[in-house]
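Worksheet: one structure, shown below.
The values are calculated or read from the model by the stated rules, or taken from the named source; none is laboratory data. Given the structure is predicted, the values throughout are model-derived calculations rather than measurements. For neighbour counting, all protein chains shown are included, and Cβ atoms are generated from backbone atoms with ideal geometry for every residue, glycine included.
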Amino acid sequence: MADITAANTARMNKISTYQDGLRPHLESCLYNKVNTLQSVAECLNKKGLRTPRGSEFNATAVRRLMLSLSVSF
């Protein structure tokens, strides 16, 4: 049980670090008056940013990122 807890803690720390690194890029897209999830995804993709699995951002991934970072339009 301790191994699972340690693995989950390490995974959550990695995710948190990744999301914190995306925060300034996300906020700069929102600062540019981007007002739809898809347009935010396009903005992030233009910057060459990718999801943790290496895919381009889509509206669903942006929504999840914004919810986890408590960022809104």
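Between residues in segment 51-73 that are part of a loop (DSSP other than H, G, I, E, B) and residues that are of a type in the set (Lys, Arg) and modelled with pLDDT of 95 or more, which pairs lie under 8 Å by C-beta distance while being six or more apart or on different chains?
GLU56/ARG50; PHE57/ARG50; VAL71/ARG23
Every residue in segment 25-34 that is surrounded by 10 or more Cβ atoms within 10 Å (Cβ to Cβ), without any contact (Cβ under 8 Å) to a residue 24 or more places away in the chain and assigned to a helix (DSSP H, G or I), please.
SER28, CYS29 - these are the residues of segment 25-34 that are surrounded by 10 or more Cβ atoms within 10 Å (Cβ to Cβ), without any contact (Cβ under 8 Å) to a residue 24 or more places away in the chain and assigned to a helix (DSSP H, G or I).
Those residues that are touching a Phe, Trp or Tyr at 6+ places or on another chain (Cβ under 9 Å) and among the hydroxyl-bearing types (Ser, Thr, Tyr), I need them from segment 5-42; list them, please.
Correct list: THR36 only.
Yes or no: SER39 free of Cβ contacts under 8 Å to residues at least 12 places away in the same chain and surrounded by 12 or more Cβ atoms within 10 Å (Cβ to Cβ)?
Considered against the rule, which asks whether it is free of Cβ contacts under 8 Å to residues at least 12 places away in the same chain and surrounded by 12 or more Cβ atoms within 10 Å (Cβ to Cβ), SER39 comes out as yes.
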